[in-house]
Amino acid sequence: MAFWDRPPEERLADFARLRELDRPVFFAEPRVPFVRAGKGFHALVRHADVVAASRNAKIFSSEPAATSPEPPPWLAKILGTPMVNMDDPRHARLRRIVSRAFSPKMLARIEQDIQATAARIVDEVIERGVIERGDNEHGTIRGSTDEGPRDFVEEVAARLPIAVICSMMGVPERARPYVLSRIDAMTEYSGVRGSLASPRTLRLLYGNLRAIADLHRLVARLGRARRENPADDLVSALVNANPDGERLSVRELGSFFDLLLVAGNETTRNALSHGLKLFTDHPDQRELLLADYDARIGGAIEELIRFASPIIQFRRTLKEDHELGGHPFQAGDKVVLYYLAANRDPAVFTDPDAFDITRSPNPHVGFGGPGPHLCLGANLARMELKIMFRELYGRLPELRAAGEPEYLLSSFDNGITRLPFTYRK
Ligand code: HEM
């Protein structure tokens, strides 16, 4: 069975073995259609190595790409290069401009929107035609219908982050179903199983590229409109010059929207689903959280991100010969930073496989290591998780996962595609 198709605990056990070896292990590049197989990579699995590589961006470069496999150059020509695949100064310029999207002022403005969306999602969970199915050990189950158990991913987790990104970007309500359909076409490909060169995969890949191009067009229209008639919103702030004269081109705006969708959608959705699963599997931690939500949710979110590691890895390419943790690397070598493994490193985390919402300090690298690419949306993600779990547990106190999740086959997103749930009357 392929490594990424194996149960999470088995993969973590393999990562623990890699961490104990005296040097990072080299792996051949997986074969992907239309992408020239690279020369392979060294797996960084210790916390200290992941942190050191993230910090030293002059040597550990994000160019030509921080994702694996590297996208072919023709794709970058069509879609533009996202900032996550750039080094300074190009990266610093873009980060300066788009940081406006995540300023405390913008976040405060969006907080009410997130609250309203979270409340609507829970309203609809409650309103949806539920059928009483009798009692079990949790009481009367209102979380299942005649079609079987309901899916937390579909009804809750998948809905919030997308709505937040659309509302940040000022995508009008009427265009949102269209945006959602395009995003589905993009994510369908990322969950693909089976032979990568099969006709079905090729069809999905084509659908994925077309969906990205459609979204670019939509955002380009928004950008042009806001350039002509600026409003008090984020797109206007991004496409019109700041006091330093910097602004995004319409094309860069398209790439930024993609990046928000790719970076801010599945990550937060998966964090929500992992959260429900973890609070179900660890009822003591759930009770602890609910006993003083405001005081404990901050620590609970950091522990959830550490434990689940919604992003498994990003990659770097060495620009010069360099020694890391006593091991020599050569210019051009690739290293993959396994956040998932670093977040379970016993050299840094006491009892690393325990889910402990009071863990302190908690220097996890779930939002990336310290350095120029540290997640720009981390505070937004924290806000979404805090508001959504408050709304869920405040109104559905007996909410629980009602079975094992289905996982996405991916070496990048620690994704949950389906999670049955229940709640008591
Ligand atoms: C639980 C949720 C999230 C997780 C686990 C996560 C994880 C990460 C990680 C590991 C990186 C580092 C990339 C690198 O070092 O190469 C990153 C970067 C980034 N994230 Fe997040 N992220 C989350 C949510 C979000 C959200 C909600 C947004 C925006 C809507 C966002 C936007 C970004 C952007 C723009 C970057 C690139 C920063 C740069 O290259 O300077 N992320 N994220």
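At pLDDT below 90 and within 25 Å of Ser255 (Cβ to Cβ) - does that describe any residue in region 38-61? Yes, that holds for at least one residue.
Against the numbered list (1) surrounded by 15 or more Cβ atoms within 10 Å (Cβ to Cβ); (2) within 24 Å of His274 (Cα to Cα); (3) at pLDDT 55 or above, Arg142 comes up short only at (3). Among the residues of region 218-228, those identified as more than 22 Å from the chain's Cα centre (by Cα) and either crowded, with 17+ Cβ neighbours inside 10 Å or touching a residue at least 12 places away in the same chain (Cβ under 8 Å) (or both) are Leu218, Ala220, Leu222, Gly223, Arg224, Arg226, Arg227.
Which is of a type outside the set (Asp, Glu) and surrounded by fewer than 17 Cβ atoms within 10 Å (Cβ to Cβ), of Ala53, Ala43, Ala76, Ala66?
Numbers: Ala53 fails: surrounded by fewer than 17 Cβ atoms within 10 Å (Cβ to Cβ); Ala43 fails: surrounded by fewer than 17 Cβ atoms within 10 Å (Cβ to Cβ); Ala66 fails: surrounded by fewer than 17 Cβ atoms within 10 Å (Cβ to Cβ).
Among Ala53, Ala43, Ala76, Ala66, only Ala76 is of a type outside the set (Asp, Glu) and surrounded by fewer than 17 Cβ atoms within 10 Å (Cβ to Cβ).
Quick check on Asp351: is it out of contact with any Lys or Arg (no Cβ under 8 Å at 6 or more places or on another chain), of a type outside the set (A, V, I, L, M) and farther than 25 Å from Ala52 by Cα? The answer is no for Asp351.
Of all residue pairs spaced 6 or more apart or on separate chains, those with beta-carbon atoms under 7 Å, a first member in region 36-58 that is within 12 Å of Asn343 (Cα to Cα) and a second member that is of a type in the set (D, E, K, R) are Val45/Arg19; Arg46/Arg19; Arg46/Asp345; His47/Asp345. Of all residue pairs spaced 6 or more apart or on separate chains, those with beta-carbon atoms under 7 Å, a first member in region 393-406 that is of a type in the set (Ser, Thr, Tyr) and a second member that is assigned to a loop (DSSP other than H, G, I, E, B) are Tyr393/Leu399.
Residue pairs whose Cβ atoms lie under 6 Å apart, sitting 6 or more positions apart in sequence or on different chains, and linking a residue in region 365-376 that is near the ligand (Cβ under 6 Å from one of its atoms) to a partner that is modelled with pLDDT under 95, are Leu376/Phe102.
Remark: pairs (first residue in region 288-308, within 22 Å of Ala341 (Cα to Cα); second residue in a helix (DSSP H, G or I) and within 14 Å of the ligand (Cβ to nearest atom); Cβ separation under 6 Å; 6+ apart in sequence or on different chains) = Ile301/Arg382; Ile301/Leu385; Leu304/Gly275; Ala308/His274. Leu399 meets all of the listed conditions (1) buried (at least 17 other Cβ atoms within 10 Å of the Cβ); (2) more than 18 Å from Pro283 (Cβ to Cβ); (3) away from the ligand (no atom under 16 Å from the Cβ) but one, namely (2). Within this structure, Glu111 passes the test of being in contact (Cβ under 8 Å) with a residue 40 or more places away in the chain, open to solvent by 50 Å² or more (accessible area, probe 1.4 Å) and either away from the ligand (no atom under 13 Å from the Cβ) or in contact with a Cys (Cβ under 6 Å, 6 or more places away or on another chain) (or both).
Can you go through Glu252, Glu266, Glu246 and tell me which one is touching a strand residue (DSSP E or B) at 6+ places or on another chain (Cβ under 6 Å) and within 16 Å of the ligand (Cβ to nearest atom)? Please lay out each step first, then the result.
Numbers: Glu252 fails: touching a strand residue (DSSP E or B) at 6+ places or on another chain (Cβ under 6 Å); Glu246 fails: touching a strand residue (DSSP E or B) at 6+ places or on another chain (Cβ under 6 Å).
Residue meeting the stated conditions: Glu266.
The values are calculated or read from the model by the stated rules, or taken from the named source; none is laboratory data. On a predicted model such as this, the values are computed, not experimentally measured, just so you know. For neighbour counting, all protein chains shown are included, and Cβ atoms are generated from backbone atoms with ideal geometry for every residue, glycine included. The protein model used for the area step is the full one, side chains on, heavy atoms only, and it has no ligands, DNA or RNA in it. Shrake-Rupley method; radii C 1.70, N 1.55, O 1.52, S 1.80 Å.
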